[in-house]
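None of the figures in this text is laboratory data; all of them are computed from the coordinates on show. Keep in mind the model is a prediction, meaning the values are calculated, not measured. Cβ placement follows ideal geometry from the backbone for every residue including glycine, while neighbour counts extend to all protein chains displayed.
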Amino acid sequence: MHLDLDPAVLKLALVCCALATAIAVIFAARGWWKAWEARRQAQSELSPVSKEDEAVAIGEIPGQKKIPLAGLARLMRPKSGEELSALRLNLAQAGMRSPEAIALFGVVRGISVIVGAFLFLVLIIGSGFNSGGMLLGCFFLLGGLYVPKFWLNSKIQARQDILSLSLPPTLDLLVTCIEAGLGLEQALDRVATEIVMSDPIMAEELSVVVGEIRAGLSVGGAFRKLSERVTSDEVRNLSNVIAQSAALGAALGRTLRDYATSARRRRELALEETAGKITARLTLPLTICLLPSSMLAMMGPAVVIVINTMF
């Protein structure tokens, strides 16, 4: 059965469907936003942000210049103490320890959300509410929401990988300095000075540890804070070994040398395991890339001879 409908009626029906869908999405988003705000409010009542932490989060640090676009930092600031502590730890793991780092990250997040929302509206309106434009617009909107977090996580991972690669030579220098008669604080300071050109990230972390020890923090506490800033298992194990040795009064030089030997052995085993996996990983690419060409080289002359004989 064929129905002839007026194009104007079809356009009107399409517009009505689009409006109904938009209204449904708006009400759903409104309900989700209210539930999210209620949950954030409950979390903030359990662990409220102090006045000092709130000033740091929005860039209004006493005695320092106010950062630009502080309104965005105020809008994107963490709503609870746990979120603020987690953000501060993530920024420290990424190497950003300045007082205004939290506020600057909030500004970056706000700009990213605004850009994503602007591109979303441009694509939706420019495509005439086409499905492809709406899908691409949603992609840009989600990108504006999550790109800053992905960037921060990638920066953290890259920094931790560099610290893991810098650990073996740093550990050898530290063992040499301690066995030469230097104390732990002097050995850390000397190693940080020596590797500042070759491994600046490790030198920065060791300088922070030395500064905390000189400020009155115990050796175990300083290295526990180092293990919180560094997600690498090797650095965390080293921090635990030094903290336990300092607490028990064990010979630190012998302990570090034994740990260096075992860490070097673990590294060799990890490299051997990676090398053993390469053969299995290369099987599928070699099969896909080389099998067709090898079959063509082997069977090509035979096919040519058969064709010449038959025709």
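Just the number, please: Stokes-Einstein D of the stretch 213-260 in µm²/s, Kirkwood Rh from C-alpha pairs, 25 °C, 0.890 mPa s. The calculation lands on 225 µm²/s. Residues whose amide H comes within less than 5 Å of that of Val196, counting only those at least five positions distant or on another chain, are absent (H built at 1.01 Å from N in the peptide plane).
As a ratio to 2.2 N^0.38 Å, the alpha-carbon radius of gyration for the stretch 162-266 is 0.95. For the stretch 220-304, the equivalent ellipsoid derived from the Cα gyration tensor has semi-axes of 54, 14, 5 Å, listed largest first. When Glu228, Glu272 are arranged by Cβ crowding within 10 Å, least crowded first, meaning fewest neighbours, the order is Glu272, Glu228. Think of the stretch 216-275 as a dipole: +1 on every Lys or Arg Cβ, -1 on every Asp or Glu Cβ, centred on the Cα centre; then among Asn240, Ser227, Ala251, Ala251 lies furthest on the positive end.
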